[in-house]
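Data block below; observations after.
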């Protein structure tokens, strides 16, 4: 918990954090172990794995959060075998030479400059599709690629689905000539984060089928990110944010709910601000919610006290997204909130 005085209120907050669904944890921070030395890197979060073809799987993860030693690289494991090693700037790999119609288990570990490995991430599974016999025909190129800057550090992309006689398994997204991500064949949109302010980018998309046939690139889309802060980066903000007051044992809690931002990766950490100040960080240690998230925390024992609350997400690229809309909620006024004046 950051910015909370260790009183009975904070003890109650810790108890509530422990009870949040899907192992939400409260972090006190700190980068030293019990002996005063630096800790090894933490476990990567937001790990996902998705088949790219009948013989490949795309593995992606979030940048390891601060709190231990500096990360210099990541190692990707298939079952207990290391299959890839990449520098700290890379947060995705394609694991190839796999068997069709097979389920694989992947984990990721961070390594520091001293060669120490952090703990493994949670396990993720991906199943490759069956191989397509004698398939040499690539999918058609994705069409009508559109893109727009979402503030200074993100871009929204969308395209028309490609066609393939056996079915599209995945889409590869390219920034210039570099592949930066892959999404499932049922997706026709993506949000790319980690961009630089005031910078011009070009993107294309290519479709891939189960036989690893790659389409021609889509038409190129060009866009320029905004200068300065992400005041208009709505694509990276939690949406449909709600806050209500609840009574518990003669005291008052605020219950928050929201839809996580749709970004390429998994959001595993949020910052909650109460009355303009950070009050807590939520860190999901297990499977983070992707459709609807909730959180409940203690705010005092007096009724009729108004509070302003909003949240923001730590994006998979390690940058903070835009804040949600701000809500004002009054203790004791259960089920009601209102928009805060701007």
Inset, instruction - Please enumerate the residues belonging to region 173-215 that are in a strand (DSSP E or B) and more than 24 Å from residue 152 (Cα to Cα). - result: 184, 206, 207, 208, 209, 214
Inset, instruction - Output yes when any residue across region 236-257 is more than 30 Å from residue 306 (Cα to Cα) and either part of a loop (DSSP other than H, G, I, E, B) or at pLDDT 90 or above (or both), and no when none is. - result: no
Inset, instruction - Would you tally the residues in region 134-169 being assigned to a loop (DSSP other than H, G, I, E, B) and under 19 Å from the mean Cα position of the chain (by Cα)? - result: 4
Inset, instruction - Could you please let me know if residue 156 is exposed (fewer than 14 other Cβ atoms within 10 Å of the Cβ) and touching a residue at least 12 places away in the same chain (Cβ under 8 Å)? - result: no
Legend entry - Residues satisfying the stated conditions in region 284-303, i.e. under 14 Å from residue 267 (Cα atoms) and either assigned to a strand (DSSP E or B) or at pLDDT 90 or above (or both): 284, 292, 293, 294
Inset, instruction - Scan region 89-113 residue by residue and report those that are surrounded by fewer than 17 Cβ atoms within 10 Å (Cβ to Cβ) and in a loop (DSSP other than H, G, I, E, B). - result: 89, 90, 96, 97, 99, 100, 101, 102, 113
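Would you mention how many residues in region 89-102 are free of Cβ contacts under 8 Å to residues at least 24 places away in the same chain and more than 13 Å from residue 179 (Cβ to Cβ)?
1
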Inset, instruction - Report the residue count in region 202-218 for those that are at pLDDT 95 or above and surrounded by 14 or more Cβ atoms within 10 Å (Cβ to Cβ). - result: 8
Legend entry - Condition broken by residue 120, with the remaining ones in (1) closer than 23 Å to residue 283 by Cβ; (2) over 21 Å from the mean Cα position of the chain (by Cα) satisfied: (2)
Legend entry - Breaking point among (1) at positive phi; (2) in the same structural domain as residue 167 (by TED's automatic domain parsing), for residue 101: (2)
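Collect the residues in region 248-270 that are surrounded by fewer than 18 Cβ atoms within 10 Å (Cβ to Cβ) and either touching a residue at least 40 places away in the same chain (Cβ under 8 Å) or touching a strand residue (DSSP E or B) at 6+ places or on another chain (Cβ under 9 Å) (or both), keeping them in residue-number order.
First, the residues of region 248-270 that are surrounded by fewer than 18 Cβ atoms within 10 Å (Cβ to Cβ): 248-251, 255, 257, 259, 262.
The answer is 248, 250, 251, 255, 257, 259, 262.
Any idea which of 259, 220, 247 is on the phi < 0 side of the Ramachandran plot and either assigned by TED's automatic domain parsing to the domain that holds residue 168 or in contact with a helix residue (DSSP H, G or I) (Cβ under 6 Å, 6 or more places away or on another chain) (or both)?
220
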Legend entry - Residues that are touching a residue at least 40 places away in the same chain (Cβ under 8 Å), within 22 Å of residue 71 (Cα to Cα) and loosely packed, with under 12 Cβ neighbours inside 10 Å, drawn from region 114-136: 114
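The values are calculated or read from the model by the stated rules, or taken from the named source; none is laboratory data. Remember, it's a predicted structure, so these values are computed and weren't measured experimentally. Quick reminder, even Gly has a Cβ in these numbers, built from the backbone with ideal geometry, and neighbours come from all protein chains shown.
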